[in-house]
Amino acid sequence: MAMWWFITSNARCSYEELKRRRCLALGWRELGNLAGYIRDDPKWERQFKTRIQLKGNLAYPHDRQWIEQDHAMTAVPELFWRFLNLPQNDYIVLLEAGSQMTLGKTEVFAMARMHKPAIESYRYDENFDHAHQIYDDLTWVDWDRARFGELELPRVSFKSMLQDDAQLEQVQRAWQEAQGEKAPA
């Protein structure tokens, strides 16, 4: 079991949108539907990332995230691989950047728990900027600082998602409290 930070932006895909859609989603809509490239097989990782990179090279020829230099070449394909391979029972803590409500700061907005492996629920919906989604039945719980306490934001920069288990116990307790469950003894 792990904890993942996931960041979204109010301008492109807000927490309210994810909550309404009941999903977790990534952008890069122009990559198109990836369902034909997804395999539940760790040996498929290299082929999957290569296909994403090639599709991105065609879809985003002037975007620096797709320039084939240094580590930029693998950043987005790696992100999609991690996104599609989130395991069951892991926790997601959602950060939102650029909200008027937070005066442009990045803050914790919500949490969710993966109730099945992400790869089983991938869907592509071209009607949204963040068209690549997992789940269509994800339960989001608003993060209530008065009730659950403060979470310290990650100290490292990351692209969309980051695994960091330092505050996993606090998130587990908050989730259990929100669900009306008793904490394990």
In segment 148-172, what residues are of a type outside the set (A, V, I, L, M), without any contact (Cβ under 8 Å) to a residue 24 or more places away in the chain and closer than 21 Å to residue 26 by Cα? 157
Of the residues 89, 127, only one is more than 19 Å from residue 159 (Cβ to Cβ), part of a loop (DSSP other than H, G, I, E, B), over 15 Å from the mean Cα position of the chain (by Cα) and at pLDDT 90 or above; which? 127
Kindly indicate which of 165, 142, 136 is within 18 Å of residue 92 (Cβ to Cβ) and modelled with pLDDT under 95. 136
Going through segment 23-36 in order, the residues found to be at negative phi and either touching a strand residue (DSSP E or B) at 6+ places or on another chain (Cβ under 9 Å) or surrounded by 19 or more Cβ atoms within 10 Å (Cβ to Cβ) (or both) are 23, 24, 25, 26, 27, 29, 31, 33, 34, 35
Could you tell me whether segment 138-147 includes any residue that is surrounded by fewer than 18 Cβ atoms within 10 Å (Cβ to Cβ), more than 26 Å from residue 119 (Cβ to Cβ) and touching a residue at least 40 places away in the same chain (Cβ under 8 Å)? no
Is it the case that some residue within segment 8-19 is modelled with pLDDT of 95 or more, among the aromatic types (Phe, Trp, Tyr), within 19 Å of the chain's Cα centre (by Cα) and in a helix (DSSP H, G or I)? no
In segment 134-185, residue farthest from the chain's Cα centre (by Cα) [restricted to those that are among the aromatic types (Phe, Trp, Tyr) and in a loop (DSSP other than H, G, I, E, B)]: 143
Every listed condition ((1) part of a helix (DSSP H, G or I); (2) surrounded by fewer than 15 Cβ atoms within 10 Å (Cβ to Cβ); (3) touching a residue at least 40 places away in the same chain (Cβ under 8 Å)) holds for residue 43 save (3)
Determine whether segment 94-105 contains at least one residue that is modelled with pLDDT of 90 or more and more than 13 Å from the chain's Cα centre (by Cα). no
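The values are calculated or read from the model by the stated rules, or taken from the named source; none is laboratory data. Being a predicted model, the structure only gives us computed values, none of them experimental. Every residue, glycine as well, gets a Cβ built from its backbone with ideal geometry; the counts of neighbours run over all protein chains shown.
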